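Comments concern the structure below.
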Amino acid sequence: MNCAYLYAETETKTLVLRMPVEADIEAVMAVYGDPATQTYNPMGAMASREAAEHMLWRWRLHWIQHGFGIWAIADAADPARIIGFGGVAWREEAGAQRLSLHAHLLATETSQGVATAVGSMALACAAHKAAGAPVHAGAVAANTAAITVIEKLGFELSGTSRTLPWSPIRIDYQYLAPAMPEATPVVTAGRVLKPTPARLVA
């Protein structure tokens, strides 16, 4: 089975996760431009539409190159309303390319189990698409909600770091996903909807 875009759109009982599209630009701004959602981001809230467009383009390029990446997250009851973005993707950290877990939600959508559900889906994806590669995650000590999710997902403590020289110390975690053959894909928290690829539009 060709699993290149197996995870381009999946769902759980309460969520729809899909590859971001250009029309998601306003949702990117709503999530990353809100200081309430970026309290622990040393760079602060996103300041411009151009920055949001670049982030969205990088996410879409990652999907084209790797067949997985950051999802746009919607409530299954209202799939047109994006409530956040999250997933697993390759990114440069500590001078190396590492597979990293990422999730940011609208301030109104936290503490509802969304981040845990998305993290579970992301780890299942990593088991297929990057078998054997450890998944990294981290949060500053003050971000107790994020640390609770990370530990609930089964990550193990791996050390500490700083995102920037002046930023607070970050607690780092690592998760080694068990390898799953692509010929027998399994999505533990949902079901596959659309395994068809999408084009990247410049």
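Just a few scattered comments:
- Annotation for segment 76-169: chymotrypsin sites (Phe, Trp or Tyr not before Pro) lying in DSSP loop with at most 14 further Cβ atoms inside 10 Å of their Cβ are 166.
- Cβ-derived FRET efficiency at R0 25 Å, residue 162 paired with residue 45, nearest 0.05: 0.80
- Summed residue charge, Cβ within 13 Å of residue 102's Cβ, Lys/Arg positive, Asp/Glu negative: +2
- Debye intensity ratio I(q)/I(0), log10, segment 9-190, q values 0.09 Å⁻¹ (C-alpha model): -0.29
- Efficiency of FRET between residue 77 and residue 131 - r from beta-carbon atoms, R0 30 angstrom, step 0.05: 0.35
- Per-residue Cβ neighbour rank within 10 angstrom, fewest leading, 71, 59: 59, 71
- When 34, 78 are arranged by Cβ crowding within 10 Å, least crowded first, meaning fewest neighbours, the order is 78, 34.
Bear in mind that the values in this text are calculations on the coordinates, not laboratory data. Bear in mind the structure is a predicted one, so any value in this text is a computation, not a measurement. Glycine gets a Cβ as well: all are built from the backbone with ideal geometry, and neighbour counts include every protein chain shown.
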